[in-house]
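Engineer: Quick one: the structure is below, and I'll ask about it shortly.
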Amino acid sequence: MSFPANGIPGIDVSHYQGVIDWAALIAGSGERFVYTKATESISTVDPYFHDNWVNSKTAGLLRGAYHFFHPDQDASAQADFFLKKFASANVSTQLAPGDLPATLDLETTGGRSPAAVLAGAAKWLEIVAAATGRRPLLYTFTSFWRDTLGNPTSLSNYPLWIAQYSVASPPPIGGWPAYTIWQFGQSTVPGIKTQSDVNSFNGTYQQLEALAGL
């Protein structure tokens, strides 16, 4: 899949990508930022989070961490769990220069109503924003947001990371005037043995640095 004409390239990774050769990644690709999975629900820590978090910074990438949200679990407990594990890898819950805002990965209802899903997501986002000192991103799929949740506008004050595997730019959803990051497909990336999600930051590299507190 070809990269969008405009934007800054980045990837997101988790234990599915295994051990990453960061030197090979930097030497062989144009990636400028990476998001790595930190936690899921209230008890699952990605086993590669600490190594990915530390090594991506050493490699010179702007880095961020994300939490996979379970709407059927307590949102405050999930936020506290994410922050505890994030702090253990980052020394503090506060983001340092070069750290991108945390992200909430929202792509399932857990059998809850749209209103309950949104209320839980809002609680997580509020807690993590207060603890990290920066407004988190919300990651979701175009179809999930529009068709499953009913295209709500209540969370559009948080930056949008939209997933739509397509060569066509995703349409506006949920009151967001534009996306911040677009996950547009999967690709083989140097230094990673399996395919990885590939993303485009909607802006200049200077704007990406500003998002990372630089």
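Taken together, the values in this text are just the output of simple stated rules run on the coordinates, not laboratory data. The model shown is predicted, which means the values in this text are computed figures rather than measured ones. So basically every Cβ, Gly included, is an ideal-geometry build from the backbone, and we count neighbours across all protein chains shown.
Engineer: Compute the length gained on full extension between Lys193 and Asp147: take 0.36 nm times their separation in residues and subtract their Cα-Cα distance, giving the result in nm to one decimal.
Structural biologist: Answer, rounded to one decimal: 13.2 nm.
Engineer: At a Förster distance of 25 Å, what's the computed FRET efficiency of Glu107 paired with Asn6, Cβ-Cβ distance as r, to 0.05?
Structural biologist: Numbers: r = 26 Å, r/R0 = 1.02.
Given R0 = 25 Å and the Cβ-Cβ separation, E is 0.45.
Engineer: Can you sort Lys84, Lys123, Lys37 by how many other beta carbons sit within 10 Å, fewest first?
Structural biologist: Lys84, Lys123, Lys37
Engineer: Right, another one. Tell me, what is the FRET efficiency for Gln94 and Ser43 to the nearest 0.05, using R0 = 25 angstrom and their Cβ-Cβ distance as r? Walk me through the numbers before you get to the answer.
Structural biologist: Working: r = 24 Å, r/R0 = 0.98.
Efficiency, from the Cβ-Cβ distance: 0.55.
Engineer: Further, regarding this structure: Quickly work out the Asp51-to-Ala23 label distance, labels modelled 7 Å from Cα along the C-beta direction, and quote it in nm with one decimal.
Structural biologist: Output for this residue pair reads 1.6 nm.
Engineer: May I ask what percent, to the nearest 5, of DSSP beta bridges between residues of segment 8-211 are antiparallel?
Structural biologist: Of those bridges, close to 35 percent are antiparallel.
Engineer: Let me ask another. Work out, step by step, the length gained on full extension between Gln186 and Ser166: first 0.36 nm times the residue separation, then minus their alpha carbon distance; give nm to one decimal.
Structural biologist: The Gln186-Ser166 span can extend by a further 6.2 nm.
Engineer: I've got another one for you. Based on the Cα coordinates of the chain, what is the per residue volume of their convex hull in Å³?
Structural biologist: 109
Engineer: If you take every residue apart from Phe68 with its C-beta less than 10 Å away from the C-beta of Phe68, what net charge results, scoring Lys and Arg +1 and Asp and Glu -1? Walk me through the numbers before you get to the answer.
Structural biologist: Numbers: positive: Lys37; negative: Glu40, Asp46, Asp105, Glu107.
Once positives and negatives cancel, what remains is -3.
Engineer: I've got another one for you. Given H placed on each backbone N at 1.01 Å, which residues far from Gly64 in sequence or on other chains put an amide H within less than 5 Å of it?
Structural biologist: The answer is Val34, Tyr35, Thr36, Leu100.
Engineer: Divide by every residue of the chain the summed helix terms, -39500 (n - 2.57) for each DSSP H run of at least 4, and state the resulting mean residue ellipticity at 222 nm, rounded to the nearest 500 deg cm²/dmol.
Structural biologist: On the way: 5 runs with 59 residues, N = 214.
So the helix-based figure for the chain works out to -8500 deg cm²/dmol.
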